[in-house]
1. Among the candidates SER68, SER60, SER104, which residue alone is crowded, with 19+ Cβ neighbours inside 10 Å and among the polar types (S, T, N, Q)?
2. Within the group LYS229, LYS234, which residue is surrounded by fewer than 19 Cβ atoms within 10 Å (Cβ to Cβ), away from ligand 2 (no atom under 12 Å from the Cβ) and part of a helix (DSSP H, G or I)?
3. Would you mind stating whether GLU152 is within 19 Å of ILE6 (Cα to Cα) and acidic (Asp, Glu)?
4. Hey, could you check region 260-275 for residues that are touching a Leu at 6+ places or on another chain (Cβ under 6 Å) and touching a residue at least 24 places away in the same chain (Cβ under 8 Å) and say which is farthest from ligand 1 (Cβ to nearest atom)?
5. Tally time: how many residues in region 155-179 are within 8 Å of ligand 1 (Cβ to nearest atom) and at pLDDT below 95?
6. Going through LEU24, LEU50, LEU19 one at a time, which residue ends up being part of a helix (DSSP H, G or I) and either more than 18 Å from ILE99 (Cβ to Cβ) or within 19 Å of the chain's Cα centre (by Cα) (or both)?
7. Can you tell me how many residues within region 305-321 are in contact with a Phe, Trp or Tyr (Cβ under 9 Å, 6 or more places away or on another chain) and assigned to a loop (DSSP other than H, G, I, E, B)?
8. Checking ASN158 against (1) crowded, with 24+ Cβ neighbours inside 10 Å; (2) closer than 22 Å to LEU261 by Cβ; (3) in contact with a strand residue (DSSP E or B) (Cβ under 6 Å, 6 or more places away or on another chain): exactly one of these is not met. Which one?
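The values are calculated or read from the model by the stated rules, or taken from the named source; none is laboratory data. Computed from a predicted structure; not experimentally measured. Reconstructed Cβ throughout: ideal geometry from the backbone, glycine too, with neighbour counts over all protein chains shown.
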Amino acid sequence: MVSKVIFGRGSFNQLEDILAPKRLNVKAPFIYFVDDVFQGNDKITSRIPLGYEDEIIFVSAADEPKTSQIDALVEHIILKFKDRPSGIIGIGGGTLLDIAKAVSIMLTNEGEASDYQGWDLVKNPAIYHVGIPTISGTGSEVSRTTVLTGPEKKLGINSDYTPFDQVVLDPELINDVPKNQWFYTGMDCYIHCVESLTGTYLNAFSQSYGEKAMALCKEVFLDNTLDKKEAQDKLMMASWHGGMSIAYSQVGIAHAMSYGLSYLLGTKHGLGNCIVFDQLEEFYPEGVKLFKAMKLKHNIQLPQGLCKDLTDAEYNTMIDVALSLVPLWENALGPNWKKTITRDKLKSMYSVM
Ligand code: NAD
Ligand code: ZN
């Protein structure tokens, strides 16, 4: 679990106080990975407490993080600074948070990031790392994984060293998120709740967080009485609780199939989940009904026809990626999931997306 968290509008201003005691020496910098959407945006960058040799590295969130990208960032830091950094701070959405987590792990572990994709392969504790979300939904701020696309697979580095040492939850930071992206990433949280709460892995721990996150999602996306600030505060907490819910259970069919879309077509996580979930009435009737109501209320049109021109080989790649995520299928449908989910079934499901 994340060991320290602060929450509150304007809490980003406490960053200097949080970091100062963690500085190892004047040559050991804090490295900030910041979404390049904030480049030249004083609301964020002028409040980053740079000192000594600290550095801001702007990173684009246009593509999801790759293992090769992590290796290149780690190499840059090792070559540039003689001393190991005092800490890594990620400022952005799931993309930047996952980059910060992965870099902090790879600074203390030998080899390449792809060597650690899987469960509990990390040997040494990561360096001190801080997560500051600027968009809410993925739960990456609280989760035990950093999802990376490698040469062979899209799979997280899941380990006890992955979670942040400190998280700063400042709902003011999500104020300028574009509406469509707000919906897609918010729906990632909603889908985490549905998949966790209806899954066979559910337990009292996951359920207690999942139910709270679900209730918050319903308020944020369906309740007309919330003002913008309340909705921001609540969505940030929904993301946190949704992440906590899947930490002790699993996601399900939308995530398994969305990983296939992402691997082949580069479809981003939130959007991919929405495109898949929209077609999953057969498996999640209640959840999909509510999703469609939210989509309608916020006037969201999802892209269509993504798979219409795909070749058989391309379908097979997506199906292989989706089928490789065994725990997700098992959570969704139980141990006999292979009776329902055949390659033909998956092809017919993808073909309407
Ligand atoms: P993102 O980080 O990719 O950002 C989406 C878009 O929103 C980008 O264009 C970004 O520049 C923009 N943006 C972010 N904050 C903004 C702000 N305040 N104002 C204006 N624009 C802003 O989106 P995401 O949905 O948060 O993250 C997706 C990533 O998270 C994927 O790589 C996925 O694999 C990962 N993920 C990780 C976990 C985990 O537990 N580690 C869980 C779910 C998803
Ligand atoms: Zn997700």
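1. On inspection, the qualifying residue turns out to be SER104.
2. From the options LYS229, LYS234, the qualifying one is LYS229.
3. Judged against the criteria, GLU152 is not a match.
4. Checked region 260-275; the qualifying residue farthest from ligand 1 (Cβ to nearest atom) is ILE275.
5. So the count comes out to 1.
6. Sole residue among the options that is part of a helix (DSSP H, G or I) and either more than 18 Å from ILE99 (Cβ to Cβ) or within 19 Å of the chain's Cα centre (by Cα) (or both): LEU19.
7. Total satisfying the criteria: 3.
8. (1)
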